[in-house]
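The values are calculated or read from the model by the stated rules, or taken from the named source; none is laboratory data. Keep in mind it's a predicted model, so treat the numbers as computed, not measured. Cβ placement follows ideal geometry from the backbone for every residue including glycine, while neighbour counts extend to all protein chains displayed. Keep in mind that these areas ignore ligands, DNA and RNA; they rest on the heavy atoms of the full protein, side chains included. Shrake-Rupley method; radii C 1.70, N 1.55, O 1.52, S 1.80 Å.
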Amino acid sequence: MLTATITGGLTSFLNTTPEGNRYCTIYSDEARRSVRALVLNDTHAALIRKLPKHARLTVSGLLRSKGAIGPAGQTLAHLSIVVQTMKIHGEHQ
């Protein structure tokens, strides 16, 4: 299993998948990419719920990817990280 780390701004509030998993989306300016962060830990979920949109944070954990074909026929990779560690940056700590 691969691990990954992303630092960026929170672009969506905590949501739930149809399977019941909590997630949020983080956009990295450096990577120019959004990653879905799957939040399994109740403490992490409670902290993320308190954050405003665009708050900066770093998450690390197991990397998952899923391939797809876009509407114009291009290939897409949907990346997600199963959050194991999290750090909140700035005044929201």
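Identify, please: which residue in region 33-57 is among the β-branched types (Val, Ile, Thr) and out of contact with any Cys (no Cβ under 9 Å at 6 or more places or on another chain) and is, among those, most open to solvent (accessible area, probe 1.4 Å)? Full working, then the answer.
Taking region 33-57 as the starting set, the residues that turn out to be among the β-branched types (Val, Ile, Thr) are 35, 39, 43, 48.
Pick out the ones that are also out of contact with any Cys (no Cβ under 9 Å at 6 or more places or on another chain) and you get 35, 43.
Working: VAL35: 14, THR43: 91 Å².
Out of the qualifying residues, it is THR43.
Within region 63-91, which residues are open to solvent by 50 Å² or more (accessible area, probe 1.4 Å) and of a type in the set (Val, Ile, Thr)?
Of everything in region 63-91, those that are open to solvent by 50 Å² or more (accessible area, probe 1.4 Å) and of a type in the set (Val, Ile, Thr) turn out to be ILE69, THR75, THR85.
Of the numbered conditions (1) at pLDDT 95 or above; (2) open to solvent by 40 Å² or more (accessible area, probe 1.4 Å), SER60 fails exactly one; give the number of that condition.
Unmet for SER60, out of (1) at pLDDT 95 or above; (2) open to solvent by 40 Å² or more (accessible area, probe 1.4 Å): (2).
Could you list, in sequence order, all residues of region 5-19 that are open to solvent by 20 Å² or more (accessible area, probe 1.4 Å) and part of a strand (DSSP E or B)?
THR5, THR7, ASN15, THR16
Could you check region 54-76 and list, in sequence order, the residues that are hydrophobic (A, V, I, L, M, F, W, C), assigned to a loop (DSSP other than H, G, I, E, B) and in contact with a strand residue (DSSP E or B) (Cβ under 9 Å, 6 or more places away or on another chain)? Can you show your working first?
Our first condition is that a residue be hydrophobic (A, V, I, L, M, F, W, C); within region 54-76, this holds for 55, 57, 59, 62-63, 68-69, 72, 76.
After this cut, where a residue has to be assigned to a loop (DSSP other than H, G, I, E, B) as well, the list is 55, 72.
The one that is hydrophobic (A, V, I, L, M, F, W, C), assigned to a loop (DSSP other than H, G, I, E, B) and in contact with a strand residue (DSSP E or B) (Cβ under 9 Å, 6 or more places away or on another chain): ALA55.
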